[in-house]
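Since the structure comes first, as structure tokens, the remarks are kept for the end.
The values are calculated or read from the model by the stated rules, or taken from the named source; none is laboratory data. Keep in mind that what you see is a predicted model, and the values were worked out from it rather than measured. Using ideal geometry, Cβ is built from the backbone for each residue, glycine included, and neighbour counts are taken over all protein chains shown.
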Amino acid sequence: MNIDNSVLSSINSGGNKGLSARQSDELRESFLTLLITQLQNQDPLNPMENAEMTSQLAQINTVSGIEELNSTLEGITSQMDANQALQASGLIGKGVMVPGRHILLEQDSDGNAYTTPFGIELSEPAKSVKATIVGEGGQVIRRYDLGSVKAGVQSFEWDGKNDQGETAASGRYTVQLEASDTEGDQIEAATALQYAVVNRVTPNDGNGSVRLDLGAIHGQVTLDQVKQIL
């Protein structure tokens, strides 16, 4: 008398929650009833071997153990989801740096320019980082050197002026970043970052990830895409 492997598989299935508590109890009761019946009716001249009994008991214990493990994991997952949602809700209204290349520029009535920050994430220190500001039509607005930059996440400000020292028009721009090491070779593991404000938090997307709504321009990102909070 063995418990079919398909039963164990159904209990440990990742696609569902396995057997219900009632089904599980019924399975254990049936197992114990059959085991006791087998012991009572065994041939005295050919009794059940200890190894066989131990194997069958181990199977029912495995069933119980899997159920308890699944229940524990479900509890841990729920706690992590709740903590993630709580952490994400604390970002509402705050500015964050996420992967992207957008820079927004606005001029006030006095001609003063205000721009959103941009940034870079580096896997190693860069000897030189060069920034190129590009308009929506693809025209180069400004080129300048940001100097040496440490590894990690760093943010910068564009003063809103073009190469001629004039204030650029209000609108959306993109930044192109080129980082090089001490040998002058380009650093491939460099990610451009853009600034956005967290408007709201959306529920889990089905993959267990809380998403942050950054508005129509920047869309939505997951919590792990937030590289810096400003």
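Here ASP181 clears all of (1) modelled with pLDDT of 95 or more; (2) surrounded by 13 or more Cβ atoms within 10 Å (Cβ to Cβ) except the condition numbered (1).
Counting just the residues of region 143-174 that are among the basic types (Lys, Arg) and in a strand (DSSP E or B), which one comes out nearest to LEU230 (Cα to Cα)? Filtering first and then ranking leaves ARG172.
Within region 159-174, the only residue that satisfies the criterion of being loosely packed, with under 11 Cβ neighbours inside 10 Å and either of a type in the set (S, T, N, Q) or under 12 Å from ILE120 (Cα atoms) (or both) is GLN164. Take the residues in region 175-230 that are of a type in the set (Asp, Glu) and outside any loop (DSSP other than H, G, I, E, B); name whichever of them is nearest to SER123 (Cα to Cα). Of everything passing the filter in region 175-230, GLU178 is nearest to SER123 (Cα to Cα).
Condition first: of a type in the set (Lys, Arg) and within 16 Å of ARG101 (Cα to Cα). Can you find one or more residues in region 159-170 that meet it? Steps first, please.
To start, the set of residues in region 159-170 that are of a type in the set (Lys, Arg) comprises 161.
Those left that are additionally within 16 Å of ARG101 (Cα to Cα): none.
The answer is no, given that none of the residues of region 159-170 is of a type in the set (Lys, Arg) and within 16 Å of ARG101 (Cα to Cα).
Look at (1) free of Cβ contacts under 8 Å to residues at least 12 places away in the same chain; (2) closer than 17 Å to THR167 by Cβ and you find that VAL134 fails only one, number (1).
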